[in-house]
Amino acid sequence: MTDQLHKYISLLKQKGAVHVKTIDTDTIVVAPWTIMKCRYGCPRYGKNRSCPPFAPAAEETQKILQCYSRAILFSVSSMDSGTPAALECASALTNDGFYKVIAFGTGPCTLCKECSLANCPQPHRVAPSMEACGIDVVATVRAAGLPINIPPKPDEPLNCYGLLLVD
């Protein structure tokens, strides 16, 4: 399937992806503790449709992952660029017949000054982050053999990761 996904890997690189790799979904680590980091560490918790408690819980994410065998994991150097890249790539995949594609962006949605929880004016521009859905990003990235700096060091580039489930 990697040959089939080459076009989308190239698209992600054009959109600023630094690292792009196809992975088996059974290497994606789901850990419910990630949502606790959102709940007790992020000021956007409960105020954004792409974040907990509105994003899928870890248990639901685990069930969703079981519907897929392959994914594209990618990094960008800016949290703001990951979600648009993931959504554009997901749209291209859908248009080419990969109707099951699901995109996970980077970080919380920041499109609106205040989120309209009941009626998002831009749902086509929103995707939850992996960690908001219970995915252990660090363990998943390390399992894929890609770099991630935790904690980020001032002299090293930031690695923000997004994910596309593709079958």
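Worth pointing out:
- Take the Cβ atoms of Glu156 and Lys21, set R0 to 22 Å, and the FRET efficiency comes out at 0.70.
- Its Cα centre serving as origin, the chain has a Cβ charge dipole (Lys and Arg +1, Asp and Glu -1) of approximately 340 debye.
- Ranking of Met36, Met130 by count of other Cβ atoms within 10 Å, fewest first: Met36, Met130
- Listed by Cβ neighbour count within 10 Å, with the fewest neighbours leading, His124, His19 appear as His124, His19.
- For region 38-116, trypsin sites (Lys or Arg not before Pro) meeting the loop criterion (DSSP other than H, G, I, E, B) and having at most 15 other Cβ atoms within 10 Å: Lys47, Lys100, Lys113.
- Only lysine pairs 8 or more places apart, or on different chains, with alpha-carbon atoms under 23 angstrom apart are counted in the chain, and they number 14.
- Extended-chain gain in nm, criterion 0.36 nm per residue less alpha-carbon gap, Lys100 and Arg39: 19.0 nm
- Normalised contact order of the chain, rounded percent, pairs of Cα under 8 Å and 6 or more residues apart: 34
- Cα lying deepest toward the dipole's positive end in region 2-166, options Pro53, Thr34, Leu163, charges on Cβ: Pro53
- Most positive-pole-ward Cα, Gly105, Ala71, Pro128, against dipole of region 55-155 from beta carbon charges: Ala71
No value in this document is a laboratory result; all are computed from the given coordinates. All values derive from a computational prediction rather than experimental measurement. No Cβ is skipped: glycine too gets one built from the backbone with ideal geometry, and neighbour counts run over all protein chains shown.
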